[in-house]
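Okay, so here's the structure we're looking at.
The values are calculated or read from the model by the stated rules, or taken from the named source; none is laboratory data. Note that the structure is predicted; figures quoted are calculated from it, not measured. Cβ placement follows ideal geometry from the backbone for every residue including glycine, while neighbour counts extend to all protein chains displayed. Surface accessibility is based on the protein's heavy atoms, side chains included, excluding ligands, DNA and RNA. Shrake-Rupley method; radii C 1.70, N 1.55, O 1.52, S 1.80 Å.
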Amino acid sequence: MNENDLIEKIKSKDERAFKTFVEAYNGMVFRSVMSFGISKVDAEDLSQEVFIDAYRNIYKFRNESEISTWLYRIAINKSLNFIKKRKKIFWRSNDDTTLLAKDFNQTEDSSETKYVNEEQRKTLYRTIQKLSKNQRIAFTLNKIENLSYKEIAEIMDISVSSVESLIHRAKKNLQTRLLNYFK
Amino acid sequence: MDCKFFCKNILNFYYQDLENKEAALMQEHLLHCPDCLKAYNNIAPLLNSAEISKEIVPDHFFYTRLAAKLDRPKNERMSYSLYTRLAQPLFVVCLTIIGVFVGIKISDGIRDNATSLNTSSTENQLISQLAGEYYMSTTKEENVETYYLSEK
């Protein structure tokens, strides 16, 4: 079943098609929410809200962009609203790490290595959170989610050159902060 | 290449956003500059830690929980929050006021009963006291025959 057929079936409230859709995109949505430094529990709630919104508003989707772009847009808006509401970022706890990084856990890492990795990830996300909103979104989508400039431009509803500029500035700021962190 | 240029492009080097010539120069500089190598070795694992995030997936019951939420009416959460925020505290406040009012009424009732009981017991005491006094006064009365005999 191709993506268009899947969307048409979801529009006609086919639950099996929606399940397939959720299973295909839940990882992407979940990761994009978590990349804003939101805790695992809240990220799961937000991801569910993203899919509920998508299911209820799928009739508004007109195949003008990729469905993933549309989902990213919902996920980013939800995440930003969540952060704005709480005005506090809930960092993932060590317990979350053991639950989340499933494949990573399968490797024979010692608990010390895991701890070091988790600390490094926290430091990185904390530094990313200090960037401006647009720089943070553009950088996260490009360097963590591996989206192209064009895709990011569609999600953020800005030009490709603006995305390039945002990522350039984000890298520069992040670099300065990271170098200062280790001084 | 100097250290300043290396530090300015350390993220571009990590993300391979440099041109081949510049990347080669950076690589060469790394081999000869221990300070820049140290800086790179500090930053690279931090940036690499984001790769682990790519493995993150929600658990297998994600859809089950989602389906349960999906079945609920759209405005249920809203009405629930309205209930929680307004109706529930109001109900508790009303209940407390009614409770206090009923409590006051009950205590008033108990007090009235106690007063009436006290009043009746005082009356009884008075009656028995009077009766006692009367009895005592009658027993102390002089016999009529004795009176007349003494008169004579």
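Figures for the structure shown
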{"quantity": "Between 0 and 90°, nearest 10: helix A:111-129 axis offset from chain A longest Cα axis", "calculated": "70 degrees"}
{"quantity": "Sparse-neighbourhood loop sites, trypsin sites (Lys or Arg not before Pro) in region A:1-46 - DSSP loop, at most 16 other Cβ within 10 angstrom", "calculated": "A:Lys13"}
{"quantity": "Rounded to whole Hz, the Karplus (6.51, -1.76, 1.60) HN-Hα couplings of region B:88-104, x for glycine and proline", "calculated": "5, x, 4, 4, 5, 5, 4, 4, 5, 4, 4, x, 5, 4, 4, x, 4"}
{"quantity": "Too-long pairs where the Cα-Cα distance tops 21 Å, listed order kept, from A:Lys78/A:Lys172; A:Lys84/B:Lys69; A:Lys40/A:Lys85", "calculated": "A:Lys78/A:Lys172; A:Lys84/B:Lys69"}
{"quantity": "Long-range HN-HN contacts of A:Leu147 with modeled amide H, under 5 Å", "calculated": "A:Asn142"}
{"quantity": "Acute angle (nearest 10 degrees) that the helix A:67-86 long axis makes with the longest principal axis of chain A, alpha-carbon atoms", "calculated": "50 degrees"}
{"quantity": "Rel. contact order, % - alpha carbon contacts under 8 angstrom, at least six apart, region B:1-132", "calculated": "15 percent"}
{"quantity": "Size of the A/B contact, given as accessible area buried on both chains, probe 1.4 Å, in Å²", "calculated": "3800 Å²"}
{"quantity": "Using θ = phi - 60° and Karplus 6.51 cos²θ - 1.76 cosθ + 1.60, couplings along region B:59-65 (whole Hz; Gly, Pro as x)", "calculated": "6, 5, 9, 4, 5, 4, 5"}
{"quantity": "By accessible area with a 1.4 Å probe, ligands and nucleic acids excluded, highest first: order of B:His29, B:His60, A:His168", "calculated": "B:His60, A:His168, B:His29"}
{"quantity": "List A:Tyr149, A:Tyr72, ordered by accessible area with a 1.4 Å probe, largest first", "calculated": "A:Tyr149, A:Tyr72"}
